[in-house]
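Every read-out reported here was derived from the displayed coordinates using simple, explicitly stated rules and does not represent laboratory data. Computed from a predicted model, the values in this text were never measured in an experiment. Quick reminder, even Gly has a Cβ in these numbers, built from the backbone with ideal geometry, and neighbours come from all protein chains shown.
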């Protein structure tokens, strides 16, 4: 009785069977606790946040008290949505039909993924994902009861032929893809692949859910066209992104580009989910963006993170020889994907590396759909790691791979 | 093809069958368009927002850049949660076991209601609600597939005997109740009723979901103890509230008190739903609250809204005689509930009143569970109405009731 009511008989199937806790956070916390060199971060580097500009931008947000009322338009502040639509068009990410009215402001990218999942997933629905893919999206899809099927991927992302084999067997609700500098694999699909995948979506008649948070963190020129832009008037692509990487993740500000047939459903979901981020927050971010040279900011971020990528890649090339570990070199984003044929229990190795050698990585398992886990894989982030720290950390990591024994 | 992909085959049962648009917003918009005297508002009055205090409180929020990172604790900023827990204890709303760690910060009260609905409702689950009750909660419960059964209510809220009759027939997931100054009925349950209802919850072994946003808008002394406090160590009450009425609704800041067995499920739902409101927003509100004489603010609000309630009640007493309309006098909150035996199509009457007489009210239908609609009812809000405007508006409303004909 001291514990009180158990709630056992009251939980939904979702709460009983389909909610998971993230395995990623635990490893990041352990690395912090041990004072290790941490390659675990999935977030941008705090030294690159535009703090002074934010201070300035938020000064006037209380001058318009209507922002403190319930909003007339729960899709979000129209000037912010128009800024986003215009930016996307300038950058070749959005086709002609996309205007401010087609943009829904969300509480970070994650809320948009949750809302789309509620609108498109029934228990048992089959969806296609890259294998591996972003763990928290997998968790959200599974929360709604989705069966997530991984499409075999190589260094250019999804393999269209492998996708068609799956499509011949199963009717799918949508394909979820992070086409640029994917989390966790760092992979980017080239244009030809995108066109083939879009053609398959047309032929087998399903939509594409495109998640593009790393778009502006491209270190070797502009990424290939977005699925949203490539689909054009076909409008079968739901696109999501956020300011988490270009501004700061703690601002919790993302958006969806909503195809017309989904507008009403997402409006109703938005009302249920609390009407979206506070007006003053949207206004402050709009003030920031409208006074900012966004392209210059993107270049600043690209220069800073490119140096970190290069440092990490150089360290891996220098130290990893002879360890049997293979890693890729991404063209943008935060992540390098690694594989060791010899290590078959990567969570155990990761604990060994952080405890014995003082270096933290993220085991790859949670990024795979269930029953497709490649236990040999791991993720390295360079987002918050200077080239010097990368060199020392990778030296330790290589030592760990050499000395680790599974018995 | 100009319209593009239809998404018809891709929608979830939720999106196809269970999402509704709010009928309330339409009536409020019509009243605005027609320049009518509007009694439609479900929101606080902008002249009572603490704008200067908010400006001051937000000045320092960018000094701690860690607030711009992903948070370590997705339940929210611990100092804000501890402020809330302490406040609730001081005010006799929370029992001893409730501390800051038991508080989950939400994007307004609505997000908390959505999260609890996901955790406790399966398609077909039966839940009990007051009849009438808050329309947006009904929409959220139905979105998850709940069958909402209304418990017959009188001017003292839920009738315990009527509730027991329902409990004998159906197993319920929970009772949803707004015990103080309910939206839309203005009703408050006295202590004896609460104790009887809590006893039924124990006997029939279900939890209570208590929604208490109007707590501090009490115009005649302190409201009776909350279900949360009355249940004590039994811990069968989930409690939600928000700062929408005490500070401003556009801040989108609410909370849940989470019983221990639900902590993990709500944590997972929080991660899926985008990690909660931005850290700087939580910090700004914490700064505001910790520098504010909250009790004095509550008194200011009570004095202002009491005057408006009195004005509206006086106007109704003065003008409504002979119209056959019955209204109540609430002890707090924003709402008066009305009924006209003669009007059987209240939406039609409401359009007539706004178009012909220039006064806006909200028809009562949407506030009832489906198939229990009392078509004679309507809601009047005095939240944003001075006694002078109330007098003129009610004069018009009475004229409308006298002259309106259904044929």
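Put simply, when B:199-205, A:43-49 are sorted by average Cβ atoms within 10 angstrom per residue, most first, you get A:43-49, B:199-205. With contacts defined as alpha carbon pairs under 8 Å and 6 or more residues apart, what's the relative contact order of segment A:51-291 in percent? Dividing the mean separation by the residue count of segment A:51-291 yields 30 percent.
Computed per residue of chain B from DSSP H runs no shorter than four, each worth -39500 (n - 2.57), the mean residue ellipticity at 222 nm is -11500 deg cm²/dmol. Cα extents for segment A:173-255 along the principal axes, largest to smallest and rounded to whole angstrom: 40, 26, 23. Between B:150, B:324, B:225, the Gaussian network model of chain B with springs among Cα atoms under 10 angstrom shows the greatest mean-square fluctuation at B:324. Once the mean of 1/r is taken over each pair of separate Cα atoms and inverted, segment A:1-43 shows a Kirkwood hydrodynamic radius of 13.6 Å. Annotation: the antiparallel percentage among DSSP beta bridges lying fully within the protein assembly as shown is about 55. Expressed in Å, the radius of gyration and Dmax of the Cα atoms of segment A:210-351 are 19.7, 57. Look at the Cα gyration tensor of chain A: its axes a ≥ b ≥ c give a/c under 1.5, and that counts as rounded.
In degrees from 0 to 90, rounded to the nearest 10, what is the angle of the helix B:23-33 Cα long axis to the longest principal axis of chain B? Result, in degrees: 60. Legend: mean number of C-beta atoms from other chains within 10 angstrom of residue C-beta atoms, peptide A:61-72, equals 6.
If you take the beta carbon distance between residue B:203 and residue B:264 as r and set R0 to 41 Å, what does 1/(1 + (r/R0)^6) give as a FRET efficiency, to the nearest 0.05? Efficiency at R0 = 41 Å is approximately 0.90. When residue A:156 is represented by a point 7 angstrom out along its Cα-to-C-beta vector, the spacings to that point in the other copies are 7.6 nm, nearest first. Inter-chain Cβ neighbour count for A:106-113, averaged per residue, equals 4 (cutoff 10 Å, partner chain atoms only). Taken residue by residue and averaged, Cβ atoms of other chains lying within 10 Å of the Cβ of B:139-150 number 2.
A simple spin-label model places pseudo-atoms 7 Å from Cα toward Cβ; at residue A:34 and residue B:355 they are separated by 7.3 nm. Once the chain from residue B:47 to residue B:298 is taken as fully extended at 0.36 nm per residue, the excess over their C-alpha distance is 88.9 nm. Relative to the longest principal axis of the Cα atoms of chain A, the long axis of helix A:294-319 lies at roughly 20 degrees. Shortest first, residue B:317 label-point distances to identical copies amount to 8.7 nm, with the label point at 7 Å from Cα along Cα→Cβ.
For residue B:23, the distances from its label point to the matching points in the remaining copies are 5.0 nm, ordered from shortest, with each point set 7 Å beyond Cα toward Cβ. What the pair-distance distribution of segment B:245-321 shows, using all Cα-Cα distances binned every 5 Å from zero, is 3, 11, 13, 15, 13, 12, 10, 8, 6, 5, 2, 0 percent. When the Cα gyration tensor is reduced to axis lengths a ≥ b ≥ c, the ratio a/c is 1.5 or higher for the protein assembly as shown, and with a/b above b/c it is classed as prolate.
Between 0 and 90 degrees, the angle of helix A:78-90 with respect to the longest Cα principal axis of chain A falls at about 60 degrees.
Quick check: from the Cα gyration tensor, does segment B:285-407 come out rounded (a/c under 1.5), prolate or oblate? Because a/c hits 1.5 or more and a/b exceeds b/c, segment B:285-407 counts as prolate. Under the simplified labelling scheme, the residue B:13-residue B:291 pair shows an inter-label distance of 5.2 nm, with each label point 7 Å from Cα along Cα→Cβ.
Of all DSSP-defined beta bridges confined to segment A:51-291, some 40% are antiparallel rather than parallel. In whole angstrom, how far apart do the alpha carbon centroids of segment A:270-289 and segment A:44-106 sit? A separation of 8 Å, based on Cα centres. Sorting A:320, B:163 from the fewest to the most surrounding beta carbons within 10 angstrom yields A:320, B:163. As a rough footprinting exposure proxy, the listed residues B:22, B:189, A:185 were ranked by other beta carbons within 10 Å of their own, and the order from fewest upward is B:22, B:189, A:185. Taking the fewest neighbouring Cβ atoms within 10 Å as the starting point, the ordered list for B:329, A:61 is B:329, A:61.
The label-point distance for residue B:168 and residue B:87, in a model that sets each label 7 Å from Cα toward Cβ, rounds to 4.4 nm. Rg/Rh for segment A:51-291 (Cα atoms only, Rh after Kirkwood) is 0.97. Note on segment B:136-181: Cα convex hull, mean projected area over all directions, 3.7 nm².
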